[in-house]
Structure formats: structure tokens, C-alpha cells
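Encoded as C-alpha cells, the structure appears first; notes follow it.
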Amino acid sequence: MEIRSLLPLEGKQAGGCLKVMVVRLLARGVEKGLIVKFLSSLKVPEPESYITGARKRFGMKNEEFDLAEEFISPALWKIVSQEFSLNGDGSTEFVYASDIEYRKLDWLWYPRLLRRALSLLEGPPDKGKSTILCELAARESRGHSFPGETKGRPPGFVVMLSAEDDLEATVMPRLTAAGADLKRIRIAKATRDDKGQPVPFHISDDLKSLRKECLDRGATMVTIDPLVSYLGSRYKKSVETNSDMEVRKSLLPLKELSEDINAVVIAVRHYRKGRGTDAIEAGGGSIAFTGLSRVLLSTLPDPFNSEQYLLSIPKNNLVKKSDRAAFVYKIVPSDHDPTIGRILWGEEVSMSTEEILVTLSESKKEANSSSAVADAKAFLLEALASREWVLATDVQDAGGKRGITVRILGIARKKLGVEVQKKDHWYWRLPVAKPANSKPDLF
């Protein structure tokens, strides 16, 4: 073994080197059983004794411990670090700002999917997050335009990690229902250790093979479902998802991967229970998940239509807020198998994620009384009487001063058939007569 050849030859020096190495590994969270297995592979006698003595620093005086540190050469520690997926010597590279080349943002689907960045798709259970990932993968594999776009693009290549859904019974049928080119999608099926035994895929341990797969295939999109299933390491304790430091350390390799392969990396995260109305903090675990992602997407129920959902954008500080509209979608049975769902897209709506969550919260607290809706309808007829386009936020603010909630105003707007239009901002107006050859509704 190469590690063995780098150990000091003298017995005392070799023993001191191993002792310090064990202390380092324990301090970095490596499990004791894995260290014992590692020492056994080096034919170290009584490897358990090194673990027992580590906390007492083996009774070594400070100067003896410092001297033993010198026995661990940078080359030796680098190999040990790679063996346990550690971070090396922690050296930092600095560059002059003048040496950094300006690069424009490269959107695959503006403003939702950004190349060279990590995006998160979040939401409560059973709102179609995994089905949406298959829909996005299918469109990318065919080069089809995304919702709201008119131009297609050359077909891309997608690499998928799926931990919860059965590949044969769920993932492949969903891709088929979405019209994917299955020859342009690769799915991680099994990961094996150096002995050929099946083991769970972990980003920190298996990123090299994932990067190679992406580069070999020219991947333009990577999907991960769900993200937390792939954090941690086979060689260390599981990641504490509520720890900012551990989450950032785990996600940085994904960010670097997206930059290395110039592709979209999008991962699923579930909402926590009792999420409240703050969309940024609705996802489970540390806020670092949101901090390291450039774009955050949410799948939420439509407060005004129980048969459809909204794909909203709670976080994207790279675009104007007025561009962060939500997309209506339904989950409908596929043509070839009614038990498999597919996504049917609708129109863009001007509600923000916060408005959606607040409205959903209000719907649980207040009764949908006919008198409240009637008052809101009367208000809208008055506010939009000119039948000209009126700034939506002005109407909502004026309604709020009369005690009309966003939810009730939305119900009244739907009942009146108020038209919406996006220019620099969202505008409303009362419906006007449509010509006979007008386009039909999306649904």
C-alpha cells in the first residue's frame, strides 16, 4: 500500500505518526470502526488501542506530540485525506480581481434554471416535485422549449440521481410520459466499493465518478432527488442537516460540479412541518441549503383552485422581482398508464411565494363567506371600472385598506374573470369581449 511506504521506518517514529494520524481523523468526525479497519489494512498490531488512547493523546507530552506531527509528511496526509474524503491541508488560493474574466449569466430556463449554479426545488409532499424533475429532464433531452418560451434548443444530456423512486416502475415511466429521449438520460443505478459490494451513493465520496459521467456524456443537466439522501460519507458520521457549517461543506462540491461541467444542477428538498409563511425558511434543515443555491423553486397548492398547483420562485436575487412569476400546473394521468402522472402547464400568475403561503394560511383561518367575496367583487368592479390596465399591487393595497385579504380578493378576481397582463409589472383589468378567433384557454 502506498500509505505504508510513506510511514517513518523507525518503530517509535512510526508509532507516533500513527497516533497523531488517529487523533486527526477522530477530530474530523471519521467513525472509529472505519479507522480500526484502516489501521488493520496497514497491519498495525492491536489497532483498537490507538482509538482508546486517542482522547488522552496517548499520554504524550506536548513536545512529543508536536514532534510526532512532523513525521506526517504532506504527501502522506494527502493520501490519508483522500482515503477518508477529507479536505486536505486547507490551503487557499487567491487571485487578482483584474484576472477574473467577466461572464454573463447563462440561463437554461429564465429565471428558473441557471447553468453553473445549484438550484433547489422545494415543497410539501405530493405536489409533484419528482414528476417536475422528470418533465424538465424530458424537455432538455429533446431540446424542447420550457413553459413560457417559444424557441427550442439543441437536445441536451441529463444525468439523474434518484434515491426514493423505483427506476423501473416510476422514474422511467414518468420520463416516457413526459416524452423524453431515453437515450439521452443516464440514471445512477448502483455504486460499488473497491471490493465490488453495493453501497449508497454519497456526493463527498463519489463526486469523481459523477463528474466523469457528466463530462463523458456532455451533461447539460443533473437532477438529484432528494438531496439529503446523498449527503454525508461512508467514512464519516452522517451530516447534521441543521448545521450551517456541515451543510455548506457538503454542498460546495455540487456548486463546483455545476461550474466544472457548465450545467444546471437541480435538487429536491422537502418542506419541514409547521413551515409558516416564510418561503425562504420553509425547507427542512439549515438555512445554508437556501444560501448556497442561486435559485429556489417551490411547488405549492393553488389557493384558488384545488385541482392545480403553482411553481413559484421564492428566491432569485439575480432578476427583478416582477420577473419572478409563478407557473400554474396540473398533474394529469399519462396516456399510456393512468397510474403515472405527467405535468400539464398553464399560465403565469402574478402571485409571489409569500402571497401564496399567506393566502394558504388565511384559508385555514377564515371562512370563505359569500358576503366577503361579494364585497371584494364590488370593490373590484369599482377599482377596475375604467376597463383599462391597472397596476395589480395598487388594487391589492387599496383592497387591504378596506379589510379585503389577498385570498378573498383572488377569489373575487377569479369569479369576475379579471384579466392579467405582465409588462414591467403585473396589471389587472375587467374582461373585455374576445374576438371569435381568440385562442382557447390553456386548460
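None of the figures in this text is laboratory data; all of them are computed from the coordinates on show. Bear in mind that the values here come from a model prediction, so they are computed numbers and not experimental data. Glycine gets a Cβ as well: all are built from the backbone with ideal geometry, and neighbour counts include every protein chain shown.
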Worksheet item: HN-Hα J couplings of region 115-122 from phi, Karplus 6.51/-1.76/1.60, θ = phi - 60°, integer Hz, Gly and Pro as x?
Response: 5, 6, 7, 9, 10, 10, 10, 10
Discussion item. Restricting the calculation to Cα positions, tell me the Rg (one decimal) and the Dmax (whole number) of region 107-351 in Å.
Written reply: 17.3, 55
Worksheet item: Between residue 100 and residue 48, what is the spin-label point distance in nm, taking each point 7 Å from the Cα along the Cα→C-beta axis?
Response: 5.3
Worksheet item: Roughly how many Å is it from the Cα centre of region 288-343 to that of region 190-267, as a whole number?
Response: 24
Item to complete: Starting with the highest mean, order 129-142, 311-324, 342-355 by the number of other Cβ atoms within 10 Å, averaged over the residues of each peptide.
Response: 129-142, 342-355, 311-324
Worksheet item: With labels modelled as points extended 7 Å from the Cα through the Cβ direction, what inter-label distance (nm, one decimal) is found for residue 361 paired with residue 394?
Response: 2.9
Worksheet entry | Extended-chain gain in nm, criterion 0.36 nm per residue less alpha-carbon gap, residue 381 and residue 429 | 16.3 nm
Worksheet item: So, with +1 on the Cβ of K and R and -1 on the Cβ of D and E, and no other charges, what is the size of the charge dipole of region 107-351 about its Cα centre, to the nearest 20 debye?
Response: 620
Worksheet entry | Gain in span if fully extended, residue 354 to residue 307, counting 0.36 nm per residue against the direct Cα distance | 14.9 nm
Fill in: Spin-label model distance (nm) - residue 281 vs residue 189, 7 Å beyond Cα toward Cβ
4.5
Worksheet item: Within region 366-429, how many Lys pairs sit with Cα atoms under 23 Å apart, leaving out pairs fewer than 8 places apart on the same chain?
Response: 8
Response to the item:
Amide H proximity to residue 308 below 5 Å, modelled H, separation 5+ or other chain, gives 302
Worksheet item: What order do you get for 378-385, 98-105 when each peptide is scored by the mean count of other beta carbon atoms within 10 Å, highest first?
Response: 378-385, 98-105
Practice prompt. Just the Kirkwood number for region 366-429, please: inverse of mean 1/r across all distinct Cα pairs, in Å, one decimal.
Written response: 11.7
